[in-house]
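The values are calculated or read from the model by the stated rules, or taken from the named source; none is laboratory data. All of these numbers come straight from a predicted model, not from anything done at the bench. When we count neighbours, we look across all protein chains shown, and the Cβ atoms used for this are built from the backbone with ideal geometry, even at glycine.
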Amino acid sequence: MRLNDPRLWAAAAAAALPSLLAWNVSPSPTFLNQALALALWGAFVALSAPAAPGRGPWPLWAALGAVALAAAWSWGPGALPSTLALSALGALAAAALAVAGGAGAAARADAPDGFTAFCRGWLLAGALGVAIAVIQVFLPDWPDGQWIAASGTPGRAVGNLRQPNHLSSLLLWAAIGAVALLEMRRLGRRAAAAALALLVFAVVLTASRTGLVSVLLLAFWGAADRRLARFTRVLLLAAPLVYAVAWLGMAQWAAASSHAFGGAARLAESDISGSRFGIWANTLELIRQHPWAGVGFGEFNLAWTLTPFPGRPVAFFDHTHNLPLQLAAELGLPLAAVVMALLLWALARGLRGAWAAPGDEGMARRAAMGMVLMIGLHSLLEYPLWYGYFLLPAAWAWGFALHPAQPAARRDLRAPWLVWAGAALVVAAVLSVADYARVAVIFSARPGLPPLEQRIAEGRRSVLFGHHADYAAVTSGVPVLDEARAFDRATHYLLDTRLMMAWSRALAEQGRLDEARHLAARLREFRKPEAEGFFGVCEAVTDEADASASAPPFQCDQPKRSLSWRELLSAGDR
């Protein structure tokens, strides 16, 4: 592959830059990374000038289409605000385009070269991830938060995305890319062995349990794929051994040098699931309560938070941390079963086609499916596909693997519309940043800004992010003419302590005491220190004479009747 091939530079930028960006602007810590990913993967689709994608990926398109219909239904007849619905629909459309771009790249006569560019991009991203991980663990005073993010947990690498699980998945994608390059003779043996060892070592630095399981998946690939060269299979089979040696070495280093190693803290945790067992149990109960239509696309956090769960995990979860459970809870069992069947069908077709394709093309397709399987495994414990910097490359790789092998004479049937669609995605990403700036200024403290009330009023007109302005309005005490609408939009994004206290007070002022008490009772289940003052007044009401003279504050009493979470939505004159 020539250095002047635009696919190489586009892939390097798309894979590496979103994960390299440490600078972020409130209220979303990952929005700029995701917007950059949208723009760069759109540019990759356009610059790679793919051929016609054909109909090979139709099960994947059908699955994305079914989820899009669920999102539209949750927005139209449902209660999901337009800001959240449009964001979701845009992400699904971008994923469908990435699938088409991957399938179109596989339809070209030089398909292995296109996948080589893709893998080199991820190998570069992995190398930069290793460097950042080493700095965060061994030189923790270096990160400044602008160029290199500081780790929130001493001795644990989090990357510039500030999430150890995300860094581990990026590193493992880079490892798969290194294997593909080795097998296609684009990377030497020594370089490949060194790359795999460093990448696995950096996975150890993340102390990610998902990363550990994924390293075992590398070994499984080495054991199952007999078409790989012997040297490559040995490298893959040795990955868990490298992981174990690196873990023991880090533990010994930490003990000898009195430095922290995040892996030791992970081993000491009493809940090995990281509260996942608890949230999964709650999710199953929600599915039991709403088996047919679910709670609605994008409504898991709202439904879970407002449903009584006395033993709930105390973090504010906005996702079930398991893709099949998320689909079942939000879409209902029938539609979730259809979507999962389509995804599994696409998975089976991709694996079958990858195993049947010969030579470098077969290797490229097997590596592509390896990346899909890796992120699919991650999706059983986390929700990486809710982030553009994982969703789009995963969709591209899956589309690449799903395009059926064709005779050379039928290849390179150009599809100019993909170039224009990729360029449109770049423009959409730029416009989304401009739209985001309308709400980001609300959370800025730099001098010379307009009054907060004026900034909130402007932010509420944001097409995609107006709910952030609504949150600022109802939690800052700024007068809002249509308070019910502000709560209606803000509460569908993420309920937290400040928002729940403000919402319950607003309901109480409207005379909706049962709704206010129900909301306060749910907040009490989270046992948040920030709510101590809110509930502290209840402890002060101890004098029976005073208590009989006036009713206690609403948050000190239980609702007179049981309420469902949907009744709180209807409580606000929507």
Of the residues in the stretch 161-178, those that are in a loop (DSSP other than H, G, I, E, B) and either in contact with a Cys (Cβ under 6 Å, 6 or more places away or on another chain) or crowded, with 24+ Cβ neighbours inside 10 Å (or both) come to 161
Could you check how many residues of the stretch 199-238 are more than 26 Å from the chain's Cα centre (by Cα), of a type in the set (A, V, I, L, M, F, W, C) and buried (at least 17 other Cβ atoms within 10 Å of the Cβ)?
-> 4
Note on residue 409: of the conditions (1) at pLDDT 90 or above; (2) in a helix (DSSP H, G or I); (3) within 30 Å of residue 101 (Cβ to Cβ), unmet is (1)
Listed residues 437, 484; which is in contact (Cβ under 8 Å) with a residue 24 or more places away in the chain, in a helix (DSSP H, G or I) and surrounded by fewer than 16 Cβ atoms within 10 Å (Cβ to Cβ)?
-> 484
Looking at the stretch 116-125, is at least one residue more than 20 Å from the chain's Cα centre (by Cα), crowded, with 24+ Cβ neighbours inside 10 Å, polar (S, T, N, Q) and over 30 Å from residue 260 (Cβ atoms)?
-> yes
Take the stretch 214-271 and flag every residue that is within 29 Å of residue 177 (Cβ to Cβ) and not in a helix (DSSP H, G or I).
-> 225, 226, 227, 228, 229, 261
Unique match (being in a helix (DSSP H, G or I) and either of a type outside the set (A, V, I, L, M, F, W, C) or at pLDDT below 95 (or both)) among 145, 104, 152 | 104
Can you name the condition, by its number, that residue 285 falls short on among (1) touching a helix residue (DSSP H, G or I) at 6+ places or on another chain (Cβ under 8 Å); (2) assigned to a helix (DSSP H, G or I)?
-> (1)
Out of 434, 357, 429, 421, sole residue that is over 30 Å from residue 473 (Cβ atoms), among the small types (Gly, Ala, Ser) and within 25 Å of the chain's Cα centre (by Cα) = 421
How many residues, within the stretch 349-371, are part of a helix (DSSP H, G or I) and over 24 Å from residue 38 (Cα atoms)?
-> 14
Does residue 374 satisfy being in contact (Cβ under 8 Å) with a residue 40 or more places away in the chain and either assigned to a loop (DSSP other than H, G, I, E, B) or buried (at least 20 other Cβ atoms within 10 Å of the Cβ) (or both)?
-> yes
